[in-house]
1. Kindly indicate the residue of region 127-156 that is among the basic types (Lys, Arg) and surrounded by 19 or more Cβ atoms within 10 Å (Cβ to Cβ) and also farthest from SER36 (Cα to Cα) among those meeting that condition.
2. Going through region 218-243 one residue at a time, which ones are of a type in the set (A, V, I, L, M, F, W, C) and out of contact with any Gly (no Cβ under 6 Å at 6 or more places or on another chain)?
3. Quick check on region 354-395: of everything there that is under 20 Å from ASP229 (Cβ atoms) and surrounded by fewer than 20 Cβ atoms within 10 Å (Cβ to Cβ), which residue is nearest to the chain's Cα centre (by Cα)?
4. If a residue has to be touching a Pro at 6+ places or on another chain (Cβ under 9 Å), β-branched (Val, Ile, Thr), assigned to a strand (DSSP E or B) and modelled with pLDDT of 95 or more to count, how many in region 63-100 make the cut?
5. Is it the case, given these coordinates, that CYS271 is out of contact with any Phe, Trp or Tyr (no Cβ under 9 Å at 6 or more places or on another chain), within 14 Å of LEU316 (Cβ to Cβ), in a loop (DSSP other than H, G, I, E, B) and in the same structural domain as LYS329 (by TED's automatic domain parsing)?
6. Which is aliphatic (A, V, I, L, M) and closer than 22 Å to LEU389 by Cβ, of ILE57, ILE7?
7. Give region 231-254 a look and list any residue that's more than 22 Å from the chain's Cα centre (by Cα) and either under 21 Å from VAL119 (Cβ atoms) or loosely packed, with under 15 Cβ neighbours inside 10 Å (or both), or say none.
Amino acid sequence: MSDAILIIGAGIAGINCALNAAKYGAKVYLVDDTASIGGMMARLDKTFPTNDCSICIEAPQMYEVDNQENIEILTGTQIKKVKAQNGVFQVRLVKKPKYVDEAKCTGCGACVEACPVSVPDEMDGKIGGKRKLIHMAFPQALPNVVAVDPACRSGEMRSAGACIGGCAVDCSQCRECPIALCVSACEKEGKKAIILWQSARKINLEVKSIVVATGIAEAPPAGDLLGYDVYDNVITGMQFERLMNAGGPTAGEIVRPSDGRHAKRIAWVQCAGRGLAQGKGVPYCSKICCMIATKQVIITKEHDASVETTVFYNDLKAYGKNFWAFYQKAKENGVRYVRGRPYQVEEDAETKNLTLRYENLDTGRIETREVELLVLSTGIVPSPGNPKLARVLKIELDPFGYFKEKDPLKAPLETSVPGIYLCGGATGPIDIAESVVQACAAGMKAVLRSEAP
């Protein structure tokens, strides 16, 4: 029987699950469908309630995973087929092309500098973030290699000024490229790492256990919720997190998207869009949003103590160790918490300031407040790939789209399929500390598993 374990998702939960299983001698395949391991935590500024540097915690673990001989990392890889047979799982994966030879690329960035086209970054676009058509996921990405945007490789970006895509002969037939600036820049470095004719690669594995660690995502604002997609200075909690981050598009400067000016009056709206009709809002409490906002207001005050910070909330969630003290620290630093429900936002066309109209839940009165930047805590949702993966693995989802445990009390982190386990955001909204605990538990279940699927 194979002793190998497949871990799907390489965020902080998947990384810790892999390290724990590998230390007990298991061969581990750590798979992620993005270009780098690290997940959401790698994009955060700090972690609550200690406000320790996020990437400073995770990067050493990423390095350890990469250098652990029992772990094989497969990024840009999707699970296509899983079949239980003779006590093991037969797994078919497909590794998407990066159009880069990962063994030759050193991440020097010469190709990125040569690329003539910049596009809005998927995560940071609203706050001014841009990336090239050949780019690295983030500075500490692992593997630390670039990838070519498939839209560039296919010729779709030719009208935007891309140098690839104007040939009569497809890259798969022509192995010498005289026009791609990234190719020539790489060759000047003596590496020849960019391979525009690279194709998808099928991989077949045999494993005894599978751990699902697909993580969480920020809920997108529903339509024009409180002025989002209407006013430049209405952003989401994750976008504010990227504003604070020294590795973000503004190098850690908390500035307004509309004019790049430092914001002096900032408001956070908790439970933004929660419970909206027709399935547009998150129908449950996401558990961690209150502490995320509390972390952000504390760090904002550390950046500039003169900034006026206001948090509008319905019910405060401070459930974990030292969370209440963390909230008290924010109040001691001058953060104003208002139990209120904002329902309307208007922009001053000249100053781009925003006026919130809200119901004060303590007094019952309608009040207003003018701010320069508005941050929406829209809640946490499951990874968008969960439904497809659930069908492939033949396991159940709960009504909200998270993977369903067989029995949270008697069989925690187990699924209805023996040998398939869960951890982290795959089970629901969860913080980093809980994710790590679950990851270690799921890893041990996977290592000790002996029952045939």
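The values are calculated or read from the model by the stated rules, or taken from the named source; none is laboratory data. Just so it is clear, the structure is predicted and the values come from calculations on it, not from any experiment. Quick reminder, even Gly has a Cβ in these numbers, built from the backbone with ideal geometry, and neighbours come from all protein chains shown.
1. ARG153
2. Once the filter is applied, which keeps residues that are of a type in the set (A, V, I, L, M, F, W, C) and out of contact with any Gly (no Cβ under 6 Å at 6 or more places or on another chain), region 218-243 yields LEU226, VAL230, ILE235, MET238, PHE240, LEU243.
3. PRO384
4. Final tally of qualifying residues: 1.
5. no
6. ILE7
7. ASP232
Condition check ((1) surrounded by fewer than 17 Cβ atoms within 10 Å (Cβ to Cβ); (2) charged (D, E, K, R); (3) closer than 23 Å to GLN198 by Cβ) across all residues:
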| position | (1), (2), (3) |
| --- | --- |
| LEU30 | no, no, yes |
| ASN51 | yes, no, no |
| ILE55 | no, no, no |
| ILE71 | no, no, no |
| VAL82 | no, no, no |
| PRO97 | no, no, yes |
| GLU102 | yes, yes, yes |
| CYS115 | no, no, yes |
